[in-house]
1. Which FRET efficiency value, to the nearest 0.05, do you get for ARG83 and GLU266 by plugging their Cβ-Cβ distance into 1/(1 + (r/R0)^6) with R0 = 41 Å?
2. Taking amide H atoms as placed 1.01 Å from N in the peptide plane, list the residues 5 or more away in sequence, or in a different chain, whose amide H sits under 5 Å from that of ILE230.
3. Scan around GLY96 for amide H atoms under 5 Å from its own, H built in the peptide plane at 1.01 Å from N, and keep only partners 5 or more places away or cross-chain.
4. Using DSSP H assignments, which helices in the chain have an axial alpha-carbon span of 27 Å or above and a mean Kyte-Doolittle hydropathy of -0.5 or higher?
5. When the chain is fully extended, how far beyond the present Cα-Cα distance does SER162 get from THR53, taking 0.36 nm per residue of separation?
6. Taking only C-alpha pairs under 8 Å that are 6+ residues apart, what is the relative contact order of the range 169-302 in percent?
7. In deg cm²/dmol, rounded to 500, what helix-only [θ] at 222 nm does the chain give when every DSSP H run of at least 4 residues adds -39500 (n - 2.57) and the total is split over its residues?
8. Applying 1/(1 + (r/R0)^6) with R0 = 51 Å to the Cβ-Cβ distance of LYS30 and THR259, what FRET efficiency is obtained, to the nearest 0.05?
Amino acid sequence: MKKSKLILLLVLLMLIGLYFVLRTNRPQEKLARVFDLDTLSINRIEIYDAQDTLKMVKQNNIWKLIYPVNWEADSLKIRDLFREVITAKYAKTPMGTGKEAIEKFHQKDEEALHIIVSDGKKSIHTLFSNLDNPYDYFRYAGSDKIYQLKAKVTNNYNTDLSNWRSPHIVSHKEEELLKIEVTHPKNKYTLTRNGLQWTFQDAHNEFKIHPANRAMLKILNILESLNTYIFVDNAQAEYAEKFKNPYCTVKLYLTGNRTQELKFIEHTQGYYLMMVDNDPSVLFVVVWDTVFRFTRHPDIFKMQEFG
């Protein structure tokens with residue numbers, strides 16, 4: 001190899017080595033947790049904006065809404081909140097400071113989404129805003145330093161109650177069900193379980209249901225996981241008369257000397273309103289198929305094939 005080429009090769013290798021040394025030793029931007037709290041000790045979360053307020057507490061390791069309704073919180077939503085916001089880290093270099101920055105980033109108290117997280121001893125109050133950017137901006141209450149968090153907080157974790165309520169309304173495994181009483185305009189019948197065997201009985205029929213009967217399996221499936229994301233709160237007066245004579249009533253007799261009653265009335269096309277245990281304070285919107293499962297003709301329960 002010629003001497004000139006060897007020199008060029010050595011220079012090239014030196015430059016490559018210098019590049020990696022500088023890259024390795026370059027100063028790293030400091031990151032910090034948005035909420036510097038022990039996640040296992042966090043037991044209260046409050047989210048509010050100019051329109052609404054949500055309050056949640058952790059009781060026996062379960063997150064529950066306590067305002068504006070008493071309801072179990074959606075566990076998946078809580079999980080995402082912890083992962084994307086509460087345990088997230090941000091660069092400690094401010095995007096802006098001072099009164100002008102607060103105005104520029106829409107960080108005034110009345111504009112922002114407030115999230116307060118507490119462990120019972122310490123509370124951290126943050127304000128989030130978004131300017132139609134991929135990520136949100138935030139500051140701590142009482143501070144004029146604006147930071148950026150790589151998450152869409154105001155879009156995904158706002159005060160829309162329907163996003164925070166657990167959708168689970170009825171959840172009973174087959175072994176918990178002892179008897180199911182159904183009343184609808186065309187019939188009144190009972191489904192009774194003895195071990196793995198279900199029996200159908202009404203005024204004119206009594207027979208054992210085949211284990212693979214599709215109608216029976218569809219009833220068991222919906223009772224194991226009857227969910228909704230559409231709630232109607234405090235509409236007692238509007239629907240009181242209809243619920244006096246419901247379209248369909250399903251009463252469940254459960255192990256542990258428990259019962260649960262479901263009443264359905266027609267709502268809008270393709271949907272019904274459901275009341276649980278005669279509590280009118282909150283009603284649930286369910287699809288037509290939910291009610292149809294309980295209103296099948298007795299002959300459908302006699303079929304032996306699944307399909």
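The values are calculated or read from the model by the stated rules, or taken from the named source; none is laboratory data. Quantities reported herein were computed from a predicted structural model and do not represent experimental measurements. Methodologically, a virtual Cβ is constructed for each residue, glycine included, from the backbone with ideal geometry; neighbour enumeration extends over all protein chains shown. Side chains are part of the model used for accessible areas, which takes the heavy atoms of the whole protein and leaves out ligands, DNA and RNA. Shrake-Rupley method; radii C 1.70, N 1.55, O 1.52, S 1.80 Å.
1. With R0 = 41 Å, the Cβ-Cβ based efficiency is 0.50.
2. Those lying under 5 Å, H to H, from ILE230 are VAL285.
3. Here ILE146 satisfy the definition.
4. Going by DSSP H runs, the hits are 3-25.
5. Roughly 38.0 nm would be gained on extension.
6. Values: 243 pairs, mean separation 35.7, N = 134.
Relative contact order of the range 169-302: 27 percent.
7. My calculation for the chain gives -6500 deg cm²/dmol from helical runs alone.
8. Once rounded, the FRET efficiency stands at 0.30.
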